[in-house]
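Presented below is the structure to which this report refers.
Any read-out appearing in this document is the output of simple, stated calculations on the displayed coordinates, not a laboratory observation. Everything quoted here is computed from the prediction, not taken from an experiment. Cβ atoms come from the backbone with ideal geometry, glycine included; neighbour counts cover every protein chain shown.
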Amino acid sequence: MAPDAPVRSRTLSRKIAVALLYWQDGSGLSAEDTLALFLDNFQPDNDPENILGVGSAPFKASWPLAREFFAGVMDNLATVDEGLSRGSSSWRLDRFSKVERAIARLSAYELYFRSDIPPKVSLNEAIEMAKEFGDVETPDFVNGILDELRREIARDKGDGPSPAAGRLMKSVPAKEAGRGPEKAARRGKEPYDL
């Protein structure tokens with residue numbers, strides 16, 4: 001097995017979970033009915049058009065985690081939606097497109113409940129899916145909301161700086177903040193290029 005196979009499998013699991021969340025959103029179906037109907041219609045063996053664009057083996061390998069992600073979002077939907085509402089204070093959740101809502105819900109679930117997934121990975125995966133499935137503004141929109149939620153969760157856990165600390169760090173010159181010319185050169189950047 002190639003070293004990057006689990007990453008692809010996890011990415012595919014996320015895409016399937018987003019498809020499930022998209023399909024379930026506003027359908028009135030239970031989570032169980034959504035899973036059953038989705039399998040009947042979109043499992044590669046049952047879908048002659050292969051809408052998901054994957055073979056049977058990758059789908060089967062990705063399905064357990066996709067189902068786990070979907071169930072996790074559905075079981076914690078109130079918490080997930082409340083966090084997204086706080087992260088998007090100028091947009092009500094019902095104003096998100098279904099694609100934006102599905103992607104944001106999955107990533108918010110990961111941020112809240114999946115300590116095995118680094119927040120940066122969750123945000124990057126959400127942005128990539130937003131590029132693939134959303135319109136031109138979706139990646140920035142999803143990134144802004146999820147990054148705000150990530151910061152809020154980090155503050156609540158005591159893992160991140162307070163808002164005041166963030167303002168203070170912006171006022172500290174890069175050299176004093178540990179990003180001086182030597183560190184910048186090691187990163188292949190110009191000095192003080194943050």
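Points to keep in mind about this one:
- Kirkwood-type hydrodynamic radius, the stretch 77-160: 12.5 Å, calculated from all non-identical alpha-carbon pairs.
- When the stretch 77-160 is described by a simple charge dipole with +1 on each Lys and Arg Cβ and -1 on each Asp and Glu Cβ, the residue from Thr79, Ala126, Ala108 located farthest towards its positive end is Thr79.
- Taking 13 Å as the cut-off, the amide N atoms of the stretch 4-43 that come nearer than this to a point 7 Å along the Cα-to-beta-carbon line of Asn124 belong to 7-8, 11.
- Packing-based order for 60-69, 112-121, 31-40, using average beta carbon neighbours within 10 Å, highest first: 60-69, 31-40, 112-121
- Convex hull projection area averaged over all views, the stretch 1-75, Cα basis, nm²: 4.9
- Placing dummy labels 7 Å off each Cα toward the beta-carbon, the span from Ser97 to Glu137 is 1.0 nm.
- Positive minus negative residues near Arg105 (Lys, Arg vs Asp, Glu; Cβ under 11 Å): -2
- This ranking places Ile145, Ile103, Ile16, Ile127 by how few other beta-carbon atoms lie within 10 Å of each, fewest first, which gives Ile127, Ile16, Ile145, Ile103.
- Charged side chains reduced to their Cβ positions (Lys and Arg at +1, Asp and Glu at -1) give the stretch 65-140 a dipole of some 160 debye around its Cα centre.
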